[in-house]
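Undergrad: Quick one: structure below, then a few questions.
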Amino acid sequence: MDVMKFGGTSVGSAQRIKNVALLAEKAGKNIVVLSAMSGTTNSLVEIAERICESDAGAALNIINELEGKYRKHIEELYSSEEYAGLALEYVSGTFDCLRAFTRKPIGPKEEKTILAQGELLSSHMMYWHILEQGKKASLIPALEFMRTDFNGEPDLDYIKLHIRPFINSSADADIIITQGYICRNFYDEIDNLQRGGSDYSATLIGAAVNAGEIQIWTDIDGMHNNDPRVVEGTVPVRHLHFDEAAELGFFGAKILHPTCILPAKAANIPVRLLSTIDPSAPGTLIDGFPDYGKIKAVAAKDNIVAINILSSRTQLPYGFMRKVYEIFESYQVGIDMQCSSETSISVAIGRNPHLDAIVRDLKSYGSVNVCEGMCIICVVGDMEWHNTGFESMAAKALEDIPVRMISYGGSRNNISFLIREEDRIRTLNALNKRLFQ
């Protein structure tokens with residue numbers, strides 16, 4: 001049994017839902033994980049924001065507009081009154097519940113409940129469409145088995161234990177359908193795995209059921225070797241090691257949720273990135289087998305802040321570094337890049353609402369310089385130190401571009417450059433020309 005995850009654009013219209021159903025039927029009995037229809041989550045976020053701002057009128061307008069879209073999708077998707085009626089009843093109930101939220105103030109729990117409706121809508125619509133085609137389908141509720149622990153991390157033991165009865169009860173089904181993204185937290189409240197979390201759901205489910213393969217279906221043929229939105233002539237990377245894919249996801253490759261590779265790697269289950277636009281294309285295979293001596297791809301991560309801390313020398317070198325890192329830990333801020341000497345540390349972090357407080361605390365231990373509007377460019381491949389010339393090839397491409405920081409040697413899979421955001425497109429094109437053409 002495989003796991004097939006389909007993103008929002010893949011189920012973004014009635015025709016695309018039909019196409020996904022055909023793909024799933026041809027693939028045999030698998031677990032199909034669905035995102036919300038494209039645009040839905042953005043609308044639900046806006047609805048929650050308007051309610052929080054006590055603007056019930058604006059929220060109701062968005063709710064009514066979104067419900068109208070779903071009613072039109074239902075008209076196009078179903079040919080029988082029976083299944084169209086089931087879908088209309090469910091959609092009406094969902095949007096009536098959303099309207100009820102506009103009548104009183106809401107908190108974080110209610111916001112998460114609002115955001116969960118997109119995946120619930122798309123999965124029910126797919127379920128009834130497949131039944132209408134005469135196939136046997138099973139719809140299993142992610143909110144009954146997908147759970148995070150006290151620290152907000154997925155509880156894989158809980159997921160394994162609680163998904164198994166649903167799989168067993170679906171023995172006669174041709175297709176098993178469930179929701180991505182949504183879950184319950186440690187307190188049994190409706191929650192989610194954050195944006196892009198449907199990928200994470202798919203790999204967690206794949207690990208829980210020991211799937212043969214986890215397929216991530218999008219509207220692009222696999223992961224490209226550079227950003228196709230701003231670089232011409234990019235090509236799909238046909239094979240990546242788990243660690244290479246994780247690096248690319250973390251440093252900005254939009255096709256893949258940054259943390260979704262971890263469960264697949266731990267269970268040694270291959271992940272394949274495929275295209276619903278061109279299902280015959282081979283896509284990208286991600287597994288545990290390395291390709292030695294190759295540079296694979298380039299990715300960029302925007303909205304980065306560089307912080308340099310120069311010790312006041314009242315701290316011993318080891319004490320200075322410990323204190324600096326403790327400050328970032330206290331604000332739960334991850335460090336994307338770092339370089340250090342005996343008396344200074346430079347770090348790159350994502351733009352953070354606590355930046356002013358972090359800088360204030362850092363000034364207790366030395367002088368602090370902050371550069372905003374930065375970008376990390378990551379070159380991924382077999383970057384072992386004995387591969388002579390790989391790092392110089394990447395650096396040579398940036399000879400005309402100001403580089404604030406370079407990180408090399410901490411990972412055997414990448415070399416990273418910190419540059420100004422305004423130089424991002426120029427840098428990506430320069431690397432593409434130097435490394436791949």
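The values are calculated or read from the model by the stated rules, or taken from the named source; none is laboratory data. The structure presented is a predicted model; accordingly, all values stated were derived computationally and were not measured. When we count neighbours, we look across all protein chains shown, and the Cβ atoms used for this are built from the backbone with ideal geometry, even at glycine. Note: accessible area is taken over every heavy atom of the protein model, side chains too, but ligands, DNA and RNA are not part of it. Shrake-Rupley method; radii C 1.70, N 1.55, O 1.52, S 1.80 Å.
Undergrad: Would you mind computing, in nm to one decimal, how far apart the modelled labels at ILE406 and THR343 are, each placed 7 Å from Cα along Cα→Cβ?
TA: Going from the ILE406 label point to the THR343 one covers 2.5 nm.
Undergrad: Taking a ≥ b ≥ c as the square roots of the eigenvalues of the Cα gyration tensor of the range 1-160, is the shape rounded (a/c under 1.5), prolate (a/b larger than b/c) or oblate? Kindly include the intermediate steps, with their values, before the conclusion.
TA: Numbers: a/c = 2.24, a/b = 1.23, b/c = 1.81.
Oblate, since a/c reaches 1.5 and b/c is not below a/b.
Undergrad: Something else now. Once you sort the root eigenvalues of the Cα gyration tensor of the range 159-212 as a ≥ b ≥ c, which label holds: rounded (a/c under 1.5), prolate (a/b larger than b/c) or oblate (the other case)? Provide the component values of the computation, followed by the final result.
TA: Working: a/c = 1.95, a/b = 1.54, b/c = 1.27.
Prolate, because a/c is 1.5 or more and a/b exceeds b/c.
Undergrad: Could you state the number of Å between the C-alpha centres of the range 74-105 and the range 219-253?
TA: Each part reduced to its Cα centre gives a spacing of 38 Å.
Undergrad: Now a separate question. List the residues, sorted by chain then number, that are 5 or more residues from ASN225 or on another chain and whose placed amide H is less than 5 Å from its amide H.
TA: Here the answer is VAL235, VAL237, since their amide H atoms fall under 5 Å of that of ASN225.
Undergrad: Please give the per residue accessible area of the range 141-189, computed with a probe of 1.4 Å over protein heavy atoms only, in Å².
TA: Accessible area per residue, the range 141-189: 50 Å².
Undergrad: For the chain, which whole-number percentage of the solvent-accessible area (1.4 Å probe, protein heavy atoms only) is attributable to carbon and sulfur atoms?
TA: Working: 9730 of 19800 Å².
That share works out to 49 percent.
Undergrad: Indicate the gyration tensor shape class of the range 335-434 (rounded, prolate or oblate), computed on the Cα atoms with a ≥ b ≥ c the square roots of the eigenvalues: a/c under 1.5 is rounded; otherwise a/b larger than b/c is prolate and the rest oblate.
TA: On the way: a/c = 2.48, a/b = 1.65, b/c = 1.51.
Judged from the Cα gyration tensor, the range 335-434 comes out prolate (a/c at least 1.5, a/b above b/c).
Undergrad: Over what distance in Å are the Cα centres of the range 255-292 and the range 115-181 separated?
TA: Spelled out, the Cα-based centre of one part sits 21 Å from the other.
Undergrad: Order 415-427, 196-208, 212-224, 321-333 from most to least packed using the mean count of other Cβ atoms within 10 Å. All intermediate terms of the calculation are to be shown ahead of the outcome.
TA: Details: 415-427: 19.1, 196-208: 26.6, 212-224: 22.1, 321-333: 15.2.
The densest-packed peptide leads the list: 196-208, 212-224, 415-427, 321-333.
Undergrad: Pairs of Cα atoms under 8 Å, at least six residues apart: use those to get the relative contact order of the chain, whole percent. If you can, show how the numbers build up before the last one.
TA: Values: 860 pairs, mean separation 57.6, N = 437.
It comes to 13 percent, rounded to a whole number.
Undergrad: If you plug each phi of the range 219-231 into the Karplus form 6.51 cos²θ - 1.76 cosθ + 1.60 with θ = phi - 60°, what whole-Hz ³J(HN,Hα) values come out, in order, with x for Gly and Pro?
TA: Once rounded to whole Hz, the list reads 9, 9, 7, x, 7, 8, 7, 6, 7, x, 6, 10, 10.
Undergrad: Ok, one more. Using alpha carbon centroids, what distance separates the range 359-437 and the range 1-59, in Å?
TA: After rounding, the separation between the Cα centres reads 36 Å.
Undergrad: So, R0 is 35 Å and r is the distance between the beta-carbons of ASN303 and GLU391; what FRET efficiency does that work out to, to 0.05? All intermediate terms of the calculation are to be shown ahead of the outcome.
TA: Numbers: r = 26 Å, r/R0 = 0.74.
For ASN303 and GLU391, the calculated efficiency is 0.85.
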